[in-house]
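Mind looking over this structure? Questions follow.
Nothing in this text is a laboratory measurement; each read-out follows from the coordinates by a stated rule. This one's a predicted model, so the numbers in the text were calculated from it and none came from an experiment. Quick reminder, even Gly has a Cβ in these numbers, built from the backbone with ideal geometry, and neighbours come from all protein chains shown.
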Amino acid sequence: MTHTPESRTIDVVVRTTIYREGGFTVEELADAASVSAPTLQRLIRLGLIEPDTATADRFTPATAARLVRMVRLHRQLQVGLSGAAVIVDLLERLERMEAELDRLRSER
């Protein structure tokens with residue numbers, strides 16, 4: 001199949017599982033998501049990524065997975081990281097709604 005600039009195929013991976021005992025430091029999170037520490041610091045300042053409320057200097061596996069999803073969307077769809085954060089927010093909301101719908105259906 002020949003791809004022109006107007007017709008290209010993009011495969012997007014939107015589910016990621018990452019785990020690290022005790023969470024991630026800024027450096028570990030940046031490394032896990034393949035972003036620079038300054039880029040990660042900017043995302044933190046913008047409120048797109050937040051540290052664990054219990055430790056304030058570490059990040060949860062859920063936050064790591066969120067960042068990896070954002071970075072993949074950013075690279076694969078060529079959207080800005082802020083746009084990728086909005087997409088991830090919507091995907092997470094959709095997943096919660098689908099889980100709730102499944103729960104309600106099973107109660108019937």
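Using the Karplus curve 6.51 cos²θ - 1.76 cosθ + 1.60 with θ = phi - 60°, what ³J(HN,Hα) values do you get for each residue of region 44-50, in whole Hz, with x for Gly and Pro?
So the Karplus estimates, Gly and Pro as x, are 5, 4, 6, x, 7, 10, 10 Hz.
Related question: Can you pull the Kirkwood radius for region 26-106, inverse mean 1/r over Cα pairs, to one decimal in Å?
13.5
Could I ask something else about it? What chymotrypsin sites (Phe, Trp or Tyr not before Pro) in region 15-85 are in a loop by DSSP, with at most 14 other Cβ atoms within 10 Å of the Cβ?
Qualifying residues, ordered by number: Y19.
Could I have the simple spin-label model distance between E95 and E107, label points 7 Å from Cα toward Cβ, reported in nm to one decimal?
Each label point lies 7 Å from its Cα, and together they span 2.3 nm.
Loop only per DSSP, at most 10 neighbouring Cβ atoms within 10 Å: give me the GluC sites (Glu not before Pro) in region 18-103, ordered by residue number.
Loop-located and lightly packed - E21.
Report, by chain and number, residues whose modeled amide H sits under 5 Å from the one on R58, excluding near sequence neighbours (fewer than 5 apart, same chain).
Hits under the 5 Å cutoff: D52.
Which peptide among 60-69, 40-49 comes first, and what is the full order, when sorted by highest mean count of other Cβ atoms within 10 Å?
Going by the mean number of other Cβ atoms within 10 Å, highest first, we get 60-69, 40-49.
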